[in-house]
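Below is one structure, written out as C-alpha cells; comments come after it.
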Amino acid sequence: MPLALTKQRLSALLDEIREAYREHPYPWVVGYSGGKDSTAALQLVWMALAGLPEEERTKPVHVISTDTLVETPVIVGHVNGTMDRIRAAAAEQRLPFTARVLKPAVEDSFWVNLIG
C-alpha cells in the first residue's frame, strides 16, 4: 500500500531537500522527461528551494531533458514547452534553475546508428 503524502510528510521531505541543498557545494542536475516521476521530483526540488531565503539559493540547479530524436512531435512539443515555462518561472521567482534540452548530433542519433 503506498504511503500517503500528508502535509507533515511533505514538509519533512522539503526540509530534507533543503538540508541536502545547503550541505553540499555541488550544483544539482535534475533529469526531466515529462513523465510523472521526473515531474514530481522536479516539483519537490522547486518547492524546497522556493522555501529558502533568496540569499541561501547559492548554487544552480540544472534541469536537463534529452531529445533522443525518436519521440513524437507531440511529446517533443510538450517537453520543450515545459522547459520554456521552467526558464520563465525561474526568472520570475528568482530561483537558480536553468533548463536545457540536449540532443545528439545527427550522426549519433538512434536511427543513424540503427540503420546506418
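The values are calculated or read from the model by the stated rules, or taken from the named source; none is laboratory data. Keep in mind the model is a prediction, meaning the values are calculated, not measured. All Cβ positions, even for glycine, are placed from backbone atoms using ideal geometry, and neighbour counts span all protein chains on display. Accessible surface is based on the protein model in full, side chains and every heavy atom, while ligands, DNA and RNA are left aside. Shrake-Rupley method; radii C 1.70, N 1.55, O 1.52, S 1.80 Å.
Tally time: how many residues in segment 91-116 are among the small types (Gly, Ala, Ser), modelled with pLDDT under 85 and open to solvent by 60 Å² or more (accessible area, probe 1.4 Å)? Residues meeting the conditions: 1. Does Ala41 meet the test of being of a type in the set (Gly, Ala, Ser) and over 21 Å from Glu16 (Cβ atoms)? It is false that Ala41 is of a type in the set (Gly, Ala, Ser) and over 21 Å from Glu16 (Cβ atoms). The set of residues in segment 61-90 being in contact with a strand residue (DSSP E or B) (Cβ under 6 Å, 6 or more places away or on another chain) and either β-branched (Val, Ile, Thr) or loosely packed, with under 13 Cβ neighbours inside 10 Å (or both) consists of Val61, Val63, Ile64, Thr66, Val79, Ile86. Of all residues in segment 23-60, those satisfying the criterion of being open to solvent by 70 Å² or more (accessible area, probe 1.4 Å) and touching a residue at least 40 places away in the same chain (Cβ under 8 Å) are Ser33, Glu54.
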